[in-house]
């Protein structure tokens, strides 16, 4: 283990205390006597069910579109590809509310694409589909950047050997390239699911907050926090535990930084 200056521990501990203070306060203030009843109430279960189902669907979409995007970004260095990559990763730094507004003006009933869909009787905004699309919008870059980073750092020697043995690009991709980055692919998938599960800003802007239709767990927590802050704590703790499991699972996997 490398030596660390002793003074470094002081700001490090202050930072750790700052991060842990919020979750600790949430646990301390938790109405434990009403915890089970609150979490298992019909409204909470509907919100959790919708959040999990839409997050799983969004994660599947991230895999379908994100993995090919990561392969293209990792194996191409053209100017156009770099520009497109920057645009694809924009949701990482874009305020979610702005993302939701962009989706609304693109796919809403009066959006540049949504108006034509509406003419065909297809409505997306303020539906469950809008929840899935909002979650996919914010979660997709997490999977792309995880897989792309692994592809860039992996040795392409095996791909070259496969090519010399007569394997085509598609067979090489499925049999050689992707198996080499399975740990990062799994990590990116888990992170995308967690990001989708906790999505709030883009969802409430593009899908609204309709119980049973678009009200996911984060949206219900927000509504409860306005009406009765204590009532919002049980469901908030559930999401916090899920987030903790995701973080531990990602960082404790074999080969992850800090897991050695």
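The values are calculated or read from the model by the stated rules, or taken from the named source; none is laboratory data. Keep in mind that what you see is a predicted model, and the values were worked out from it rather than measured. Glycine also receives a Cβ, built like all others from the backbone with ideal geometry; neighbour counts cover every protein chain displayed.
Conditions tested, residue by residue: (1) within 15 Å of residue 202 (Cβ to Cβ); (2) touching a residue at least 40 places away in the same chain (Cβ under 8 Å); (3) in contact with a helix residue (DSSP H, G or I) (Cβ under 9 Å, 6 or more places away or on another chain); (4) surrounded by 17 or more Cβ atoms within 10 Å (Cβ to Cβ).
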residue: 78; (1), (2), (3), (4): no, no, no, no
residue: 81; (1), (2), (3), (4): no, no, yes, no
residue: 112; (1), (2), (3), (4): no, no, yes, no
residue: 138; (1), (2), (3), (4): yes, yes, yes, yes
With the checklist (1) surrounded by 13 or more Cβ atoms within 10 Å (Cβ to Cβ); (2) farther than 30 Å from residue 229 by Cα in hand, flag the one item residue 11 doesn't pass.
(1)
Kindly evaluate residue 66 against the criterion of being over 16 Å from residue 140 (Cβ atoms) and surrounded by 15 or more Cβ atoms within 10 Å (Cβ to Cβ).
no
Does residue 139 fit the bill of being closer than 30 Å to residue 212 by Cα and in a helix (DSSP H, G or I)?
yes
With (1) in a helix (DSSP H, G or I); (2) at pLDDT below 95; (3) under 25 Å from the mean Cα position of the chain (by Cα) as the list, and residue 176 as the residue in question, which single condition is left unmet?
(3)
What tally of residues in region 96-116 results from selecting those that are closer than 27 Å to residue 197 by Cβ and part of a helix (DSSP H, G or I)?
13
Please determine, by comparing only the residues of region 120-134 that are in contact (Cβ under 8 Å) with a residue 40 or more places away in the chain and assigned to a helix (DSSP H, G or I), which one is surrounded by the fewest Cβ atoms within 10 Å (Cβ to Cβ).
128
Among the numbered criteria (1) under 26 Å from residue 35 (Cα atoms); (2) at pLDDT below 90; (3) under 19 Å from the mean Cα position of the chain (by Cα), which single criterion is violated by residue 239?
(2)
The lone condition residue 184 fails out of (1) outside any helix (DSSP H, G or I); (2) buried (at least 16 other Cβ atoms within 10 Å of the Cβ); (3) without any contact (Cβ under 8 Å) to a residue 60 or more places away in the chain is (1)
Filter result for the condition that a residue is assigned to a helix (DSSP H, G or I), buried (at least 20 other Cβ atoms within 10 Å of the Cβ) and in contact with a helix residue (DSSP H, G or I) (Cβ under 9 Å, 6 or more places away or on another chain), over 37, 55, 43:
55
All but one of (1) over 22 Å from the mean Cα position of the chain (by Cα); (2) surrounded by 13 or more Cβ atoms within 10 Å (Cβ to Cβ); (3) farther than 17 Å from residue 32 by Cβ hold for residue 231, so report the exception by its number.
(3)
Please count how many residues of region 192-204 are surrounded by fewer than 21 Cβ atoms within 10 Å (Cβ to Cβ) and in a helix (DSSP H, G or I).
1
If residue 161 meets every condition in (1) exposed (fewer than 14 other Cβ atoms within 10 Å of the Cβ); (2) within 27 Å of residue 190 (Cα to Cα) apart from one, which number is that one?
(2)
